[in-house]
1. Tell me which lysines have Cα within less than 16 Å of B:Lys250's Cα, excluding those fewer than 8 residues away on the same chain?
2. Before I look further, what does the protein assembly as shown give for accessible area per residue, probe 1.4 Å, in whole square angstrom?
3. Just want the answer: with Cβ charges of +1 for Lys and Arg and -1 for Asp and Glu, which residue in A:Ala445, A:Gly455, A:Trp429 is farthest toward the dipole's positive end in the stretch A:334-473?
4. Using alpha carbons only, how many angstrom separate the centre of the stretch B:137-188 from the centre of the stretch B:3-59?
5. Count neighbours as other Cβ atoms within 10 Å of each site's Cβ, and list the trypsin sites (Lys or Arg not before Pro) in the stretch A:149-255 that are DSSP loop with at most 13 such neighbours.
6. Calculate how many DSSP beta bridges within chain B are antiparallel, expressed in % of all such bridges and rounded to the nearest 5.
7. Rank B:Tyr323, B:Tyr278, B:Tyr15 by mean-square fluctuation in a GNM of chain B with C-alpha springs under 10 angstrom and give only the top-ranked residue.
8. Which shape class applies to the stretch B:292-339: rounded if a/c is under 1.5, otherwise prolate when a/b exceeds b/c and oblate if not, where a ≥ b ≥ c are the square roots of the Cα gyration tensor eigenvalues?
Amino acid sequence: MLPKEMEQELIEVVGKDRFTSSKEQCYVYSYDATPGFQAEPDGVIRPTSTTEVQEIVRICSKYHVPIVPRGSGTNLCAGTTPTSGGIVLLFTHMNSILEIDEENLTMTVQPGVLTLDVVKRAEGADLFYPPDPSSMKISTIGGNINENSGGLRGLKYGVTKDYVMGLEVVLANGEVIRTGGKLAKDVAGYDMTKLLVGSEGTLGIITEATLKLVPRPEDKKTMLALFSDLETAAKTVSEIIANKVIPATLEFIDQPTLEAVESFAKIGLPTKAKAVLLIEQDGDEAVVAKDIYTMKRLCEEKGAISVTLAKSEEEAFALTEARRSALTALARRRPTTILEDATVPRSKLAELVSFINDTSKRYNVEICTFGHAGDGNLHPTCMTDERDLEEMERVEKAFADIFAKAVELGGTITGEHGVGEMKAPYLAWKLGDAGVEAMRAIKKALDPQDLLNPGKVFAKESKKRIVLAREGAK
Amino acid sequence: MTTDLQKSFKEQMDYDELMNCTRCGFCLPSCPTYINSGQNEASSPRGRIALMKGVVEGRIEPDEKVEQQLNECLGCRACEPVCPSGVQYGHLLEQARTVINEHKSYSLPVKMLRKATFNYLFMSSKRMHRVHQLRWLYEKTLAQKLVRASKLLTLFPGEVETMERVVPKTVPPKRLNEWEEVEKGFGKQTKRVAFFNGCLMGTMFYETNQSTRLLLKTAGCEIVTPKKQECCGALHAHGGETEKAIQLAKRNIEAFENLDVDAVISNAGGCGAGLKDYPFLLRKEADWEKRAKAFSDKVTDISTLLASLDLGPLELSDEVVTYQPSCHLENVMKEKGNVEKLLRKVNGIEYVAMVDKDKCCGSAGIYNLVQPKMAMRILDQKMVDVAETNASVIVTSNPGCLLQMKAGIERERLTDSVRAVHIVDLLADAIRKRDSEEGDAHAVRNRH
Ligand SMILES: Cc1cc2nc3c(=O)[nH]c(=O)nc-3n(C[C@H](O)[C@H](O)[C@H](O)COP(=O)(O)OP(=O)(O)OC[C@H]3O[C@@H](n4cnc5c(N)ncnc54)[C@H](O)[C@@H]3O)c2cc1C
């Protein structure tokens, strides 16, 4: 419950229509796309301008009430569940594209704009905004920036951080700062832009962003390679990259995932194959033709059962759309789907794939795997039932092993979904205690009251680090 | 009270289906109420499912606001085809509304109105005919002129007044029976089909039913129209009157199941979807589920059948035509693209697709009467999309959508330049035109 006077002050800022503390409204902002996490806020507010955001922050600071900025709530790390209550800050009224600058190749947007709208608007000007998370139809730019989201085109084009040039941010003390700008170079002080990207709403509230656009690739080709086992598919990924071909997209999908996706999309996916790679290359026509040819040859040499090129743009689109539905389609199989985000150097991909397989057997849990193989980023997804506590315990152990393995291989516990509340207990596994402390110091300096999205990134208690038994000793 | 309601929620809602929602949010952009409420999560499928689940789990009370959110859903089910987990949202909504309805103490006038509509009128096709007779008298006598002149209907809530103006002119009651139980097709016989008359289609939209018969016969279909059939019960099911819907479903299955036909044809997306949902409706009725499935497997929309048959050359005068699909035809019957295919077959007219055509028009059964504010907000946006196509004809595939589009035309004061028609009436016009021209040509030939 918020103090009455505080509610009154908030209403004075945004008006009666845009602040509520009704039970129903608080309830529907208690969750995001992460299974098993839920906590209700004490109020929900919808500012229309940076000035309103500043005033809201000042009021919250005065009453020591947490603020949870929220885009579309599609994150997968319990990043927007209001763990410590407080108010949820929505950007549904700050969702305009402010400017497209064709001379500097930038687009300036408010945080509530949907990713797809940015992509479409860029295309309208014959330009290209590459980051394309599978959730792009629903996710907001504010969310993408704060999770540093990746997508299907990450391998060649990078992730959200590579396209954020400047930000307008409201800090926890109510001040507004502007970082970066429409500048190709800028070394005036620390790179605050990069620091804020991926900060998960814990360091500041983003109220405007200037994004980088690139020229639109002239041509694009898509193909599907089928394999009779997972490791061969994974080895092929490393082989392609080792041969100095960088495709736009290189996605991995295993058989159970393929089956689930097919039962939703019904486009005739090859559900008999044990694994498939979805490969896409874009660019100049000649380059695309050459790279596609090379990759086809490499797939065949490595032992692909078949490699087929999409016959039309529609077919290619259907394939990538189907891939984007993988996570949710898997939910058909069991009541609860828990997905992970382990990432390793690309050369270690096959090793991670076989480890996931063994782990699934060892703990007797069903794990399906798909992901951005070209980025070394896999989403092992566990089909389970959160009501079965004994099974859930096995699931947790299996994932702990996978995290440990990923770190051991020189990888990370999360490649693109963020830490949030869910992975906070594992953060030190990747960073070490000193690493976590350094980050905590930054958080304390910018938000001494712990107002902004408290309870995320930093856990009260870390998980005890697992040391995996060596293969021989098992 | 509340605890009772909560208990019923727990007992009657399908919890596994609620668990099936992973909250990924893929449904959000497909939901008209989410978009038109300024992206209010509670007005989205994901939010509504969360509310239902929260009530079942005892985390939230089913208070007025929760109920309001469930009522404000159009039931267009656009969220279902886009859901990768395949959550049966429409079924969950129906279960929730049934529970709420069972516990509801309506005010006396509302109770009487609900009783009259659900328990009396729509339970019997005979009574529908009697009402038709009354409507005919209303139009024939001075009554209609008086009512319109007095602006009496503007006192009613919602869009009653607009709706009164846009419903089709009543056909003389004695014409309502101008069909035989079995009618042969013209020329070579292609299919034997049963025709689902529909309660409103058989009365208020009688002309559209006659057009449907003409098209079926032109395509060489033998038509069986069983006299014993009733209203499909969709209105009851959506309104939380499940028991009544079940009764109607059983009577319809009995009327149709032994006809030995290739398909059961419906010309209203809403009714067709209602019939398609019989296996779900009868899931708890011993021995009925299988019969329901056999029946519903045969249910097909007229557009799907016609798109696969030959109607001969079709031509109409030069006009731009656009199409507002019936949500239930596309999202529940899952029959998509056939109306467009038929439109492209008609020479002379130009079909221009409108943006967001797969978004509900806001008609949604009786939604536009009970939730006029949201319905009109949605309609106004729809009319902007229509205007962008420059169409002078808006084609529909369901009577509710047809009336809604007519209401939209009235609201925009476009009655002189734009009209709305049911796809079968448009096609039948082309055939009647062809027949009369052929008739003329025939006469000319005979004279020589
Ligand atoms: C089916 C599915 C597929 C997905 N695929 C991908 C994928 O391919 N790649 C990928 O990287 N992710 C993916 N995700 C995860 C998720 O969609 C992304 O993390 C996305 O960027 C979240 O956007 P959102 O608008 O929903 O943000 P939210 O979930 O609402 O918020 C995310 C974080 O951003 C913060 N935040 C939001 N707006 C602001 C703001 N203006 N200022 C400060 N903080 C803010 C929040 O506090 C939170 O910490 C997927 C999710 C789903 C459900």
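1. B:Lys227, B:Lys228, B:Lys276, B:Lys284, B:Lys290, B:Lys293, B:Lys298
2. Working: 39280 Å² over 922 residues.
With all protein chains present, the protein assembly as shown gives 43 Å² per residue.
3. Highest projection toward the positive end goes to A:Ala445.
4. Value for the Cα centre distance between the two parts: 39 Å.
5. Details: sites: A:Arg153, A:Lys156, A:Lys161, A:Arg178, A:Lys182, A:Lys185, A:Lys194, A:Lys212, A:Lys220, A:Lys221, A:Lys235, A:Lys244; in loops: A:Arg153, A:Lys182, A:Lys185, A:Lys244.
Passing both the DSSP loop test and the Cβ count: A:Lys185, A:Lys244.
6. Details: 2 of 24 bridges.
So the antiparallel bridges amount to about 10 percent of the total.
7. B:Tyr15
8. Values: a/c = 4.36, a/b = 1.67, b/c = 2.61.
The shape class here is oblate.
The values are calculated or read from the model by the stated rules, or taken from the named source; none is laboratory data. Bear in mind that the values here come from a model prediction, so they are computed numbers and not experimental data. A quick note on method: Cβ atoms are made from the backbone with ideal geometry, for glycine too, and the neighbour counts reach across all protein chains shown. Just so you know, the surface numbers come from the protein's heavy atoms only, side chains and all, with ligands and any DNA or RNA stripped out. Shrake-Rupley method; radii C 1.70, N 1.55, O 1.52, S 1.80 Å.
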